[in-house]
Amino acid sequence: MNCYLCPIYAIQYGILGLPGHIGQGEYFQKMRNGWGVIQYGTVAVDAAMVESINGKFDDILTFLADGVLPGWQKIDSLETYFAKERQDYLKATEKGPNDPRTDRPMWNMDTEGKPDPWKADSYLFGVWDLLTGKETEGYAHLEECVRHNSDYMENRLREFPNACNDPRDAMAVMYRNAQLFLVTKEISDIQKRQDAIRETYEEVCRFMRYYHGLTKNTERNG
C-alpha cells in the first residue's frame, strides 16, 4: 500500500510529504504485521481465520482513518503544502524514535545525501514556482529535470513511443509533463505566458487524474 500527500500533478518519487510518524508509524506497523493473512480469503477458512482477516482489514481502515486522512485534511491548498513551516516539519520527521527491541530508528527516510535520481523534486517545485510567479526559478528547475532524464528518455521513447501516456511509466509521464511546462517559456508576452502556464497546469492535472487512477483513460491534448 502506497499513500502520499501530494499535489495531483506530482509523481510519487521525491518529497511528497507523508510524515514519517504516519507513513511508518504505529498504525502502519500494526497494519503491516501479519498482512499475509488476507491472501487466505480466497480459500476455505474456519471462523478463527475469518476473524483474523476481518481484524486485518480493521487495521487497514484504522491506518487510513486515524493516520492518513487527518493528515490530508490539514492540507487544503497548494500554499499549505509548500509552506516553509511544513517543509521544515517534514524534514524533522524523516527519522523516527528508536525501536525498543532493536534500538534502531523505527523509520528512516533520510537519503543519506544521495541525489534525487529522477529530479522529481525539481519537477514538483518547478511547477509550483511557475504557478506562484517565480518563473526564473521554475523554468530552471524544470530544465534541470528534463536535462537530467533526457538521455534515458530518448532511448526509452524510441523503444516505447507512447510511454509518456502510460501510467505504468512514471518517469516518462513526469518527463512529458515537464516538457509541456517548458514550452510556455517561449511565449514572450507576459500575460499570454501566464495564461499558458495555467492552461498547461489544468491539462496536466486532467491527465494526472487518470495516472493516479481517479478517472478513466484520458488522452493528452499535447
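The values are calculated or read from the model by the stated rules, or taken from the named source; none is laboratory data. As the structure is a prediction and not an experimental result, all values here were calculated from the model. Note that each Cβ is placed from the backbone with ideal geometry, even for glycine, and that neighbours are counted across all protein chains shown. Ligands, DNA and RNA are excluded from the accessible area calculation, which covers all protein heavy atoms including side chains. Shrake-Rupley method; radii C 1.70, N 1.55, O 1.52, S 1.80 Å.
Annotations for the structure displayed:
- Cβ-derived FRET efficiency at R0 41 Å, residue 29 paired with residue 8, nearest 0.05: 0.90
- The chain: most fluctuating residue of 94, 159, 202 per GNM, C-alpha cutoff 10 Å: 159
- Candidates 198, 168, 206, ranked by Gaussian network fluctuation over the chain, Cα under 10 Å, top entry: 168
- Accessible surface of the chain [probe 1.4 Å, protein heavy atoms]: carbon and sulfur percent: 51
- Distant-in-sequence amide H partners of residue 95 (H built 1.01 Å from N, under 5 Å): 109
- Extended-chain gain in nm, criterion 0.36 nm per residue less alpha-carbon gap, residue 61 and residue 147: 26.8 nm
- The listed residues 104, 32, 220 rank as 104, 32, 220 when sorted by accessible area, largest first, using a 1.4 Å probe.
- Rounded if a/c under 1.5, otherwise prolate or oblate - the range 168-222, Cα gyration tensor axes: prolate
- If only the Cβ of Lys and Arg carry +1 and only the Cβ of Asp and Glu carry -1, the dipole of the range 60-126 around its Cα centre is close to 80 debye.
- Take the chain with all the other protein chains still there, run a 1.4 Å probe, and you get 61 Å² of accessible area per residue.
- Here is the list for the range 42-148: trypsin sites (Lys or Arg not before Pro) lying in DSSP coil, each with at most 13 other C-beta atoms within 10 angstrom of its C-beta, are 74, 101.
- Efficiency of FRET from Cβ geometry, residue 103 and residue 209, R₀ 41 Å, rounded to 0.05: 0.40
- Taking every C-alpha pair closer than 8 Å and separated by at least 6 residues, the mean separation divided by the residue count of the chain gives a relative contact order of 18 percent.
- At R0 = 41 Å, FRET efficiency that the Cβ-Cβ distance of residue 137 and residue 37 yields, to 0.05: 0.25
- The equivalent ellipsoid of the chain has semi-axes of 37, 22, 17 Å, largest first, where each one is the square root of 5 times an eigenvalue of the Cα gyration tensor.
- Measuring with a 1.4 angstrom probe and ignoring ligands and nucleic acids, residue 150 comes out at about 30 Å² accessible.
- The chain: calculated mean residue ellipticity at 222 nm from DSSP helix runs of at least 4, using -39500 (n - 2.57): -16500 deg cm²/dmol
- All lysines inside 21 Å of residue 91 as judged from Cα atoms, apart from same-chain residues fewer than 8 positions distant: 74, 114, 119
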